[in-house]
Amino acid sequence: METQNRSLVDEREQLILAPHAMFSRDSAGRLHAEADHPYRGPFQRDRDRILHSSAYRRLSGKMQVFTGEMGDYHRTRLTHTQEVATIARTVARVLRLNEDLVEALALMHDIGHPPYGHAGEDALNECAAAIGGFSHNRFALTIVQELEIRYDGFTGLNLTREVLAGQTSRIDKSKAGLHRLLEVQLVDAADSATYDAHDTDDAIKLNLVSLSEMEHLGLIARCVQMVRAAYTNLTPGLMRKATVHRLIGLQVNDLVSHNSNELKARQFPSATAAMASDFVFGPSSEIEEMKGELERFLYERVYRHPRLVEIRRAAQARLKAMFERYCTCPDLIPAHYQPRLQRVGVQQMAIEYLAGMTDHFCEETYRRMFSSSG
Ligand code: MG
């Protein structure tokens with residue numbers, strides 16, 4: 001029965017996927033062998049396991065770029081992740097890549113983010129200098145291999161080797177070189193398209209910059225032009241939304257047309273052949289250049305905005321103070337982490353405990369820690 005149904009997954013993929021896609025039947029499997037599911041393929045199961053994990057849910061309380069005190073309009077790490085997964089799936093579907101694998105990778109890609117985004121990551125990385133530093137991409141692997149407890153007899157979510165390898169390749173992209181599945185590269189490209197669009201949206205909505213201050217940027221100018229050609233007299237709010245809408249559409253269309261042309265020309269017979277080649281999945285050089293210009297602007301004018309710099313500095317100081325306190329008073333770390341603390345050492349455990357916190361929980365814990373002790 002199971003084998004027969006598993007072959008339904010294979011049959012469907014055979015009909016839908018391009019030859020250069022990653023097929024479920026070619027998966028290298030899981031560390032702990034499992035029977036096939038009656039009707040879900042291995043990557044669909046990975047996707048579901050990530051969705052049901054505790055770390056995934058906590059992304060709702062973690063900031064993307066802007067913090068909770070700045071309002072509740074803007075993206076959180078969770079809504080960013082959902083936008084990435086949606087955009088990545090759209091592109092995967094048109095290019096006939098493996099959508100289940102793409103979704104699993106997208107839902108996982110930021111699961112290791114600590115509170116306070118990259119500012120939090122930098123602070124924890126400094127704290128962890130003596131034990132090899134901290135990287136949210138590496139921590140995602142620790143979460144899905146060690147910290148999430150779902151099964152009797154072993155730790156972690158027991159994900160497929162393809163999903164684990166995809167996440168591993170994010171740790172050091174310069175080293176990852178040319179040996180990444182197309183699905184893995186696609187998720188990176190979708191991540192970039194997503195944050196370029198939503199950071200523009202959030203920054204304008206939060207009044208950190210205005211749309212007119214961004215109109216000299218090639219990509220924004222092109223989108224504004226498209227909006228003006230279609231509408232007259234839009235309110236500023238609708239103007240922003242229509243522009244961001246096109247900013248997503250333009251990048252997605254470019255990913256689809258550029259990569260489908262390249263892939264058609266290359267005719268890879270298999271995922272392995274595509275992986276071994278020098279083909280790089282990404283935006284066309286024209287769009288890539290304009291994205292670079294937009295990202296430099298966002299970096300200067302938004303990510304380094306005085307309001308954000310101040311919030312980040314305070315958050316980093318809190319994380320560092322908490323790290324010191326946990327290291328000198330390990331008993332403050334909850335009892336159920338104590339067995340792991342014995343195994344990995346207090347510094348590592350303090351880093352992991354802090355990295356798992358939501359922004360709000362981190363602030364509350366800090367407040368209790370430093371108000372009761374004086
Ligand atoms: Mg991301």
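The values are calculated or read from the model by the stated rules, or taken from the named source; none is laboratory data. What you see is a predicted model, and the numbers here were worked out from it, not measured in a lab. Glycine also receives a Cβ, built like all others from the backbone with ideal geometry; neighbour counts cover every protein chain displayed.
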Is it the case, given these coordinates, that GLN82 is among the polar types (S, T, N, Q), within 13 Å of the chain's Cα centre (by Cα) and surrounded by 21 or more Cβ atoms within 10 Å (Cβ to Cβ)?
no
Quick check on this structure: which one of ILE311, ILE248 is aliphatic (A, V, I, L, M) and touching a Ser or Thr at 6+ places or on another chain (Cβ under 7 Å)?
ILE311
Top-ranked residue in segment 63-82 [being away from the ligand (no atom under 11 Å from the Cβ) and charged (D, E, K, R); ranked as nearest to HIS198 (Cα to Cα)]:
ASP72
Check whether at least one residue in segment 139-158 is within 22 Å of ASP278 (Cβ to Cβ), at pLDDT 95 or above and within 14 Å of the ligand (Cβ to nearest atom), and report yes or no.
no
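For every residue, the table says whether it meets (1) under 24 Å from VAL91 (Cβ atoms); (2) assigned to a helix (DSSP H, G or I); (3) touching a strand residue (DSSP E or B) at 6+ places or on another chain (Cβ under 9 Å); (4) not aromatic (Phe, Trp, Tyr).
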site	(1), (2), (3), (4)
ARG228	no, yes, no, yes
ASN233	no, no, no, yes
GLY237	no, yes, no, yes
VAL256	yes, yes, no, yes
ALA273	yes, yes, no, yes
Test result for ALA88, among the small types (Gly, Ala, Ser), within 15 Å of the ligand (Cβ to nearest atom) and within 30 Å of ASP26 (Cα to Cα):
yes
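A quick yes/no check of all residues on (1) without any contact (Cβ under 8 Å) to a residue 60 or more places away in the chain; (2) surrounded by fewer than 23 Cβ atoms within 10 Å (Cβ to Cβ); (3) under 29 Å from GLY282 (Cα atoms):
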{"position": "ASP72", "(1), (2), (3)": "yes, yes, no"}
{"position": "ALA88", "(1), (2), (3)": "no, no, yes"}
{"position": "ALA92", "(1), (2), (3)": "no, no, yes"}
{"position": "GLY112", "(1), (2), (3)": "no, no, yes"}
{"position": "LEU124", "(1), (2), (3)": "no, no, no"}
{"position": "ALA130", "(1), (2), (3)": "no, yes, no"}
{"position": "VAL163", "(1), (2), (3)": "no, no, yes"}
Can you pull out the residues in segment 267-285 that are touching a helix residue (DSSP H, G or I) at 6+ places or on another chain (Cβ under 8 Å) and loosely packed, with under 14 Cβ neighbours inside 10 Å?
SER277, VAL280
If LEU308 satisfies all but one of (1) closer than 30 Å to ASP188 by Cα; (2) modelled with pLDDT of 95 or more, what's the number of the condition it fails?
(2)
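Every residue in segment 165-179 that is without any contact (Cβ under 8 Å) to a residue 40 or more places away in the chain and either crowded, with 19+ Cβ neighbours inside 10 Å or assigned to a loop (DSSP other than H, G, I, E, B) (or both), please. Outline the logic, then answer.
Narrowing segment 165-179 to residues without any contact (Cβ under 8 Å) to a residue 40 or more places away in the chain: 165, 168-169, 171-177.
Selection gives SER169, ASP172, GLY177.
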Among the numbered criteria (1) under 29 Å from THR155 (Cβ atoms); (2) surrounded by 12 or more Cβ atoms within 10 Å (Cβ to Cβ), which single criterion is violated by LEU294?
(1)
Inside segment 44-62, can you point out the residues that are outside any helix (DSSP H, G or I) and within 16 Å of the ligand (Cβ to nearest atom)?
LYS62
When segment 180-221 is examined, which residues are found to be away from the ligand (no atom under 12 Å from the Cβ), assigned to a helix (DSSP H, G or I) and among the hydrophobic types (A, V, I, L, M, F, W, C)?
LEU182, VAL184, LEU186, ALA197, ALA203, ILE204, LEU211, MET214, LEU219, ILE220, ALA221
Any chance ARG30 is of a type in the set (Lys, Arg), touching a residue at least 12 places away in the same chain (Cβ under 8 Å), away from the ligand (no atom under 16 Å from the Cβ) and touching a Ser or Thr at 6+ places or on another chain (Cβ under 7 Å)
yes
So which residues in segment 320-347 are touching a residue at least 60 places away in the same chain (Cβ under 8 Å), under 22 Å from GLU148 (Cβ atoms) and either surrounded by 18 or more Cβ atoms within 10 Å (Cβ to Cβ) or of a type in the set (Val, Ile, Thr) (or both)?
GLN347
For segment 221-242 the number of residues that are among the hydrophobic types (A, V, I, L, M, F, W, C) and touching an Asp or Glu at 6+ places or on another chain (Cβ under 9 Å) is 2
